[in-house]
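Q: Supplied in structure tokens, the structure appears directly below.
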Amino acid sequence: MPTSGPLVDRYGRVHDDLRISVTDRCNLRCVYCMPDEGMSFLPRTDLLSFDEIERVARVARGLGVDAIRLTGGEPLVRRGLVGLVARLSALGFADIALTTNGTQLAALAPRLAAAGLKRVNVSCDSLRVDRFATIRRRGDLPTVLEAMDAAETWGLTPVKVNVVLVRGHNDDEILDFAAFARETGRVVRFIEFMPLDAQGEWGPEQLVTGREVFERINEVHPLEAVTGPDRVAPAERFRFVDGRGEIGLISTVSQPFCGTCNRLRLTADGSIRNCLFSDDEHTLRDTLRSAGTDQEIEAILRRAVWAKYPGHAINEPDFLRPHHSMSMIGG
Ligand code: SAM
Ligand code: SF4
């Protein structure tokens, strides 16, 4: 394992994109993420403080990490998040982004932008008011659409719209979302439903593959691949041939992109996860809370990256679901 230079795994992949889950809490209960009855959340003292998060980010920055994404749970329910954005921004990351359910974004957008946030991904799984409310169990569509407008007003662009497709729930809206991308210029990213739902109800019959999405849209609005480097997006990018907008396909299940994965995740309780689908966690919290040195933090980051598997094994018969769900790991 190298002891200097960037964070590299044993297959030579450089890791320069850190996703930070700032909380496991959320004000919604999306059907593909949390159980009806809600979840038991971590005790507050288990969550990393902003000082601790900033310290990990600073060490990571020194190791070449240059992109940060704040996520959760719902990151905007964590009080003082704007202050954290400002602190991370001062560390000189090239990109600081946020993934949010959009319920509180409209009000916070000006302050987030002033603090140094560059862009947002807003989750929105239906363009129909009733269905939106059913999928999210709380929250309403107009608020989230207003949040997208506010993000654009304050320059948090490009606004990307995350759509998790679940067969039988919203797969009849693929063309509506394509039309939305064409009308608004927002990049709609279709995400395959992953076996990371807290209820453990994921089944392959619910999967709508990226291939299917491509075919259904391409038939009506011809698409062409967008080539060229886009290192912060795992999505396969396609633009409409007539020049009116772009979509992304995140085919984590059917076409894993592990071979080019450059991501590391810091969980809300201070562990480094090197893959969404691996239960291997390398805890930093004890080191942070016992006067550990920056060199010790660096060594944990290096070990976590080095321990990475060549790829996840969702499609293998012996695949075991991770113990933590998406809201705990951070998407
Ligand atoms: N609360 C924020 C939100 O909803 O955008 C951030 C956290 S959420 C866990 C991050 C992303 O994961 C969201 O786009 C969400 O739709 C997606 N997600 C949650 N559960 C998923 C699952 N089982 N499969 C695929 N994506 C999932
Ligand atoms: Fe909350 Fe996001 Fe999970 Fe929905 S997907 S329950 S908004 S964390």
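The values are calculated or read from the model by the stated rules, or taken from the named source; none is laboratory data. This structure is a prediction, so every number in the text was calculated from the model and none was measured. Cβ placement follows ideal geometry from the backbone for every residue including glycine, while neighbour counts extend to all protein chains displayed. Remember, those area values only see protein heavy atoms, side chains included, never the ligands or the DNA or RNA. Shrake-Rupley method; radii C 1.70, N 1.55, O 1.52, S 1.80 Å.
Q: Would you work out the relative contact order for region 17-329, in percent, from Cα pairs under 8 angstrom that are 6 or more residues apart?
A: Numbers: 579 pairs, mean separation 60.4, N = 313.
Normalised by residue count, the contact order of region 17-329 is 19 percent.
Q: At 1.4 Å probe radius, can you tell me the per residue accessible area of region 1-95 in Å²?
A: Values: 3760 Å² over 95 residues.
Ligands and nucleic acids excluded, the figure is 40 Å² per residue.
Q: How many nm is it between the label spots at Ala90 and Val241, if each spot is 7 Å from the Cα in line with the beta carbon?
A: Each label point lies 7 Å from its Cα, and together they span 5.3 nm.
Q: Sort 161-167, 285-291, 196-202 by the packing proxy (mean of other Cβ within 10 Å over each peptide's residues), most packed first. Before the final figure, lay out each step's value.
A: Values: 161-167: 21.7, 285-291: 13.1, 196-202: 16.4.
Ranking the peptides 161-167, 285-291, 196-202 by packing returns 161-167, 196-202, 285-291.
Q: Within the accessible area of the chain, what % is carbon and sulfur when the probe is 1.4 Å and the other protein chains stay in place?
A: On the way: 7060 of 13710 Å².
Ligands and nucleic acids excluded, carbon and sulfur give 52 percent.
Q: Per residue of region 56-69, what does 6.51 cos²θ - 1.76 cosθ + 1.60 with θ = phi - 60° give for ³J(HN,Hα)? Whole Hz please, x for Gly and Pro, Karplus curve as stated.
A: After applying 6.51 cos²θ - 1.76 cosθ + 1.60, I find 4, 4, 5, 5, 4, 4, x, 9, x, 5, 10, 10, 10, 10 Hz.
Q: What cysteines in the chain have no other cysteine with a beta carbon less than 4.7 Å from their beta carbon?
A: Cys26, Cys124, Cys258, Cys261, Cys275
Q: Quote to one decimal, in nm, the extra length available between Asn218 and Thr134 on full extension: 0.36 nm per residue of separation minus the C-alpha distance between them.
A: Numbers: separation 84, 0.36 × 84 = 30.24 nm, distance 2.87 nm.
27.4 nm is the gain from fully extending Asn218 to Thr134.
Q: Taking 7 Å along the Cα-to-C-beta vector as the label spot, tell me the Thr293-Gln255 distance in nanometres, rounded to one decimal.
A: 4.7 nm
Q: While we're on this one: With θ set to phi - 60° and the Karplus curve 6.51 cos²θ - 1.76 cosθ + 1.60, what are the ³J(HN,Hα) couplings of region 196-201 in order, to the nearest whole Hz, using x for Gly and Pro?
A: These are the phi-based 3J(HN,Hα) values: 10, 7, 5, 7, x, 9 Hz.
Q: Here is a further query. Given the options Ile300, Gly203, Val188, identify the residue whose Cα lies farthest towards the positive end of the charge dipole of the chain (+1 on Cβ of Lys, Arg; -1 on Cβ of Asp, Glu).
A: In the chain, that residue is Ile300.
Q: Still on this structure, please answer the following. Rg and Dmax of the chain, using alpha carbons, in Å: what are they?
A: For the chain, the Cα-based Rg and Dmax read 19.0, 59 Å.
Q: Something else about it: Placing +1 at every Lys and Arg Cβ and -1 at every Asp and Glu Cβ, with all other atoms neutral, what dipole size does region 17-329 have around its Cα centre, in debye to the nearest 20? List each step's numbers first, then the result.
A: Values: 39 positive and 44 negative charges, 199 e Å.
Here region 17-329 has a charge dipole of around 960 debye.
Q: While we're here: Mind ranking Glu173, Glu224 by accessible surface for me, highest first, 1.4 Å probe? Spell out each step's value before the answer.
A: Numbers: Glu173 0, Glu224 75 Å².
Solvent-accessible surface, decreasing: Glu224, Glu173.
Q: Alpha carbon centre of region 260-284 versus region 29-101: separation in Å?
A: 13 Å
Q: Further, regarding this structure: With θ taken as phi - 60° and the coefficients 6.51, -1.76 and 1.60, list the Karplus ³J(HN,Hα) couplings across region 157-163 in order, rounded to whole Hz; mark glycine and proline as x.
A: 10, x, 6, 10, 10, 8, 10
Q: Turning to a different aspect of this structure: Can you send over the solvent-accessible area of Lys118, 1.4 Å probe, protein chains only, in Å² to the nearest 10?
A: 90 Å²
Q: Skipping prolines and chain starts, which residues have an amide H placed within reach, meaning under 5 Å, of the one on Ala268, given they are 5 or more residues away or on another chain?
A: Under 5 Å from the amide H of Ala268 lie the amide H atoms of Ser21, each far enough along the sequence or on another chain.
Q: Express as a percent, rounded to the nearest 5, the fraction of DSSP beta bridges in region 17-329 (both residues included) that run antiparallel. Before the final figure, lay out each step's value.
A: Numbers: 13 of 43 bridges.
Among the beta bridges of region 17-329, antiparallel pairing accounts for roughly 30 percent.
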